[in-house]
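Asker: Structure incoming, see below.
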Amino acid sequence: MKLNLTFLAVVFGAGILAAISVAQQKTDNVAKITALENKWCEAYKQRDVAAMSSVLADDFIITVEDGNTFGKAGYIAHSGDASTEVEVAEMGELKVRVRGNVAIVTGTYHEIGKAKGKPYEYRDRFTDTWTNIDGRWQVLASHYSVPVK
């Protein structure tokens with residue numbers, strides 16, 4: 001009887017430790033993904049092609065507000081265009097959900113700038129899908145849409 005109680009206590013303790021470990025790993029991954037979202041946003045604003053490339057998966061695809069899609073190379077070429085000057089690029093209401101090797105991020109995005117000398121302003125909602133490949137988080141897909149008013 002005593003041996004059974006000891007065994008149950010050990011199994012219960014191991015279960016608690018495993019649950020704490022999983023919760024800590026999720027918290028760590030949420031912090032990593034949030035930092036990477038911020039890195040990507042700043043790289044976009046600065047037209048830092050190398051930094052953008054480092055967070056985008058090779059088979060990355062983005063759907064932008066007008067429904068057009070770009071692969072990684074097309075997105076980087078578009079984002080690095082010197083005729084566009086991004087003055088403000090900011091995210092808000094970030095919510096990160098991690099499930100194993102996949103993370104989904106939703107939030108708001110606000111951008112102000114000039115394209116070919118003409119001012120513009122966007123206010124969007126976005127969803128980013130991140131995947132952890134060989135211990136490295138990268139964006140696999142991104143979707144931007146204009147909120148209904």
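The values are calculated or read from the model by the stated rules, or taken from the named source; none is laboratory data. Remember, it's a predicted structure, so these values are computed and weren't measured experimentally. Glycine also receives a Cβ, built like all others from the backbone with ideal geometry; neighbour counts cover every protein chain displayed.
Asker: Can you name the number of the only condition in (1) exposed (fewer than 15 other Cβ atoms within 10 Å of the Cβ); (2) within 15 Å of the chain's Cα centre (by Cα) that W40 fails?
Answerer: (1)
Asker: If I filter the range 94-108 for residues that are more than 15 Å from W130 (Cβ to Cβ) and polar (S, T, N, Q), do I get at least one hit? Let's see the steps before the verdict.
Answerer: Taking the range 94-108 first, the residues more than 15 Å from W130 (Cβ to Cβ) are 108.
This time we only want the ones that are polar (S, T, N, Q), so: 108.
Yes - at least one qualifying residue is present in the range 94-108.
Asker: Further question on the same structure: Can you pull out the strands (runs of 3 or more DSSP E) entirely within the range 62-149 that have at least 3 residues that are modelled with pLDDT of 95 or more and β-branched (V, I, T)?
Answerer: Details: elements: 69-71, 84-99, 102-115, 118-133, 136-145.
The strands (runs of 3 or more DSSP E) meeting that bar are 84-99, 102-115, 118-133.
Asker: How do the pairs read when you match residues in the range 59-74 that are free of Cβ contacts under 8 Å to residues at least 24 places away in the same chain with residues anywhere that are assigned to a helix (DSSP H, G or I) and surrounded by fewer than 17 Cβ atoms within 10 Å (Cβ to Cβ), using Cβ under 7 Å and keeping only pairs 6 or more apart or on different chains?
Answerer: Close Cβ pairs (under 7 Å, with a partner that is assigned to a helix (DSSP H, G or I) and surrounded by fewer than 17 Cβ atoms within 10 Å (Cβ to Cβ)) amount to F70/H78.
Asker: Report yes if D58 is in contact with a helix residue (DSSP H, G or I) (Cβ under 7 Å, 6 or more places away or on another chain), among the charged types (D, E, K, R) and in a strand (DSSP E or B), otherwise no. Spell out the reasoning first.
Answerer: Values: in contact with a helix residue (DSSP H, G or I) (Cβ under 7 Å, 6 or more places away or on another chain): yes; among the charged types (D, E, K, R): yes; in a strand (DSSP E or B): yes.
Yes: the conditions hold for D58.
Asker: Scan the range 111-149 for residues that are out of contact with any strand residue (DSSP E or B) (no Cβ under 6 Å at 6 or more places or on another chain) and surrounded by 16 or more Cβ atoms within 10 Å (Cβ to Cβ) and jot them down.
Answerer: Selection gives N132 alone.
Asker: Could you tell me which of the residues I104, I76 is in contact with a Lys or Arg (Cβ under 8 Å, 6 or more places away or on another chain), closer than 21 Å to S54 by Cα and surrounded by 13 or more Cβ atoms within 10 Å (Cβ to Cβ)?
Answerer: Values: I76 fails: in contact with a Lys or Arg (Cβ under 8 Å, 6 or more places away or on another chain).
Residue meeting the stated conditions: I104.
Asker: Kindly indicate whether S53 is polar (S, T, N, Q) and over 27 Å from A31 (Cα atoms). Step through it out loud before you land on a result.
Answerer: Working: polar (S, T, N, Q): yes; over 27 Å from A31 (Cα atoms): no.
Criteria not met by S53.
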